[in-house]
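Some notes on the structure that comes next.
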Amino acid sequence: MFLITTSRRPSRRTRSFLKEFSLILPGSYRVNRGKFSFRGLLSEALVHNCRGIIVINTYKGNPGSIDFYIIKKVSEEESLDSYQLDFLGKIYLAGVVLARERKSPLCAGVRNIEIETERCFSEICKRLIELITKIISLIKDTSTTNKYTLYIILEERKDLLELRMRTSQRNVCGFVLRIKKVILGNKDARIPST
């Protein structure tokens, strides 16, 4: 389960993307950022038993990047200081096409997520697969109401990577991401204390 939010002062388009993005992760918890610091986000995530935090950043009025953090317990005491956020990775976006813009249904009711990688050969694609695999490993859907597997389709296009989705019934759904860069975190990468 992930807490999903935006950077401070998101655009309308970023808030729309946040809503669509939160639907594809089973059991995710969406929160308006407001004046939350990272410490406040960590506290909110712990209250809702989240295992990580996803922050969608705005660039020139559009979703510009997505940051992924994992929550780690670093000491046995029961306080906020006994947890830290480790940087898992970052996706830099060249563009986003929202579901409403492509007139496709939202991807709600997801139980499992699988990745189709037949058209994926570059280093950026391998990094994205590694990041998505780590995220999927942190998701546990205990809901019996969610009904289908979501397939993430990765395809290389010129100098970008395109991420599309479809249901197990082969119906296209959700947004499309055009990805220009993927950075994976390392165990020494920590977030600032702001």
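Inspect all residues belonging to segment 128-135 and state whether any of them is in a loop (DSSP other than H, G, I, E, B) and buried (at least 16 other Cβ atoms within 10 Å of the Cβ). No, the conditions are met nowhere in segment 128-135. Within segment 17-64, being within 23 Å of TYR148 (Cβ to Cβ) and over 13 Å from the mean Cα position of the chain (by Cα) holds for no residue.
In segment 1-16, of all residues being touching a residue at least 60 places away in the same chain (Cβ under 8 Å) and in a helix (DSSP H, G or I), the one that is most open to solvent (accessible area, probe 1.4 Å) corresponds to ARG13.
Tell me yes or no: at least one residue of segment 17-27 is among the aliphatic types (A, V, I, L, M), in contact with a Ser or Thr (Cβ under 8 Å, 6 or more places away or on another chain) and buried (at least 19 other Cβ atoms within 10 Å of the Cβ). Taking every residue of segment 17-27 in turn, at least one turns out to be among the aliphatic types (A, V, I, L, M), in contact with a Ser or Thr (Cβ under 8 Å, 6 or more places away or on another chain) and buried (at least 19 other Cβ atoms within 10 Å of the Cβ).
Yes/no per residue for (1) closer than 21 Å to LEU23 by Cβ; (2) among the aromatic types (Phe, Trp, Tyr); (3) touching a His at 6+ places or on another chain (Cβ under 6 Å):
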residue: TYR83; (1), (2), (3): no, yes, no
residue: PHE87; (1), (2), (3): no, yes, no
residue: LEU93; (1), (2), (3): yes, no, no
residue: ARG100; (1), (2), (3): yes, no, no
residue: PRO105; (1), (2), (3): yes, no, no
residue: ARG111; (1), (2), (3): yes, no, no
residue: GLU114; (1), (2), (3): yes, no, no
residue: LYS126; (1), (2), (3): no, no, no
residue: ILE129; (1), (2), (3): no, no, no
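Run down ARG15, ARG39, ARG33 and say which single residue is charged (D, E, K, R), over 25 Å from ARG157 (Cβ atoms) and at pLDDT 90 or above.
Working: ARG39 fails: at pLDDT 90 or above; ARG33 fails: at pLDDT 90 or above.
The conditions single out ARG15.
Sort out which residues of segment 79-116 are under 14 Å from LEU163 (Cβ atoms) and among the β-branched types (Val, Ile, Thr), and write them in order of number. Scanning segment 79-116 gives ILE91, VAL96, VAL97, ILE113, ILE115. Scanning segment 107-121 for residues that are touching a Lys or Arg at 6+ places or on another chain (Cβ under 8 Å) and open to solvent by 80 Å² or more (accessible area, probe 1.4 Å) yields a single hit, ARG111. Could you tell me whether segment 85-106 includes any residue that is surrounded by 14 or more Cβ atoms within 10 Å (Cβ to Cβ), farther than 30 Å from ARG170 by Cβ and over 16 Å from the mean Cα position of the chain (by Cα)? No.
Within segment 35-49, track down each residue that is open to solvent by 40 Å² or more (accessible area, probe 1.4 Å), out of contact with any helix residue (DSSP H, G or I) (no Cβ under 9 Å at 6 or more places or on another chain) and part of a loop (DSSP other than H, G, I, E, B). LYS35, HIS48, ASN49, listed by residue number.
The values are calculated or read from the model by the stated rules, or taken from the named source; none is laboratory data. Values in this document were obtained by computation on a predicted structure and should not be read as measured data. Note that we place each Cβ from the backbone using ideal geometry, even for glycine, and neighbour counts take in every protein chain shown. Just the protein is used for accessible areas: all its heavy atoms, side chains included, with ligands, DNA and RNA removed. Shrake-Rupley method; radii C 1.70, N 1.55, O 1.52, S 1.80 Å.
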